[in-house]
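Novice: Here's a structure for you.
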């Protein structure tokens, strides 16, 4: 393992984080329905947190001596999450975001394992924090779903 391996794993994390950020923000803009206010506020809280994380992840990539992706096309090629491309109903939005928060955890665990193999404790700490954040976000979303 090397800094380059860790940086590449972080680039995948950054790409998935960016997709999730934009999807969460667009759902914030476009949510309608009886739970508009609470979902609008929840999505805003989550996209603000995700946006701040993109900077931290990109700066970690730079700290490792690599360049962060500099355009969306580059990130789209390595992202495992897919853009929505639709405006679903409010409950579908909640489910999509919950599923994406669960899915990004897989990308984070890959980066975590890569960082552990490289004895990169700073990246390990960052990945543990991100895993916890996304697991909590998924739980919050799943708990807000109408049954």
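Novice: Between residue 117 and residue 30, take the C-beta separation as r, use R0 = 35 Å, and let me know the FRET efficiency to the nearest 0.05.
Specialist: The calculated FRET efficiency here is 0.30.
Novice: For residue 72 and residue 140 in one chain, what is 0.36 nm times their gap in residues minus the Cα-Cα distance, to one decimal in nm?
Specialist: So the chain would gain 21.7 nm between residue 72 and residue 140.
Novice: Between 0 and 90 degrees, rounded to the nearest ten: what's the tilt of helix 121-144 against the longest Cα principal axis of the chain?
Specialist: It is inclined by approximately 10 degrees.
Novice: Compute the long axis of helix 90-117 from its Cα atoms, compare it with the longest principal axis of the Cα atoms of the chain, and write down the angle in degrees, 0 to 90, nearest 10.
Specialist: 10
Novice: Can you tell me the 0 to 90 degree angle between the C-alpha axis of helix 36-63 and the longest principal axis of the chain, rounded to 10?
Specialist: Between the helix axis and the principal axis of the chain, the angle is about 10 degrees.
Novice: Please arrange 5, 120 by counting, for each residue, the other beta carbons lying within 10 Å of its beta carbon, fewest first.
Specialist: Going from sparsest to densest Cβ surroundings: 5, 120.
Novice: Okay, moving on. Taking the beta-carbon count within 10 Å as an exposure proxy, list 4, 23 from fewest neighbours to most. Let's see the in-between values first.
Specialist: Details: 4 12, 23 22.
Fewest-to-most Cβ neighbours within 10 Å comes out as 4, 23.
Every number here is computed from the coordinates shown, using simple stated rules; none is lab data. This one's a predicted model, so the numbers in the text were calculated from it and none came from an experiment. Neighbour counts are summed over all protein chains in view; Cβ atoms, including those assigned to glycine, are modelled from backbone coordinates with ideal geometry.
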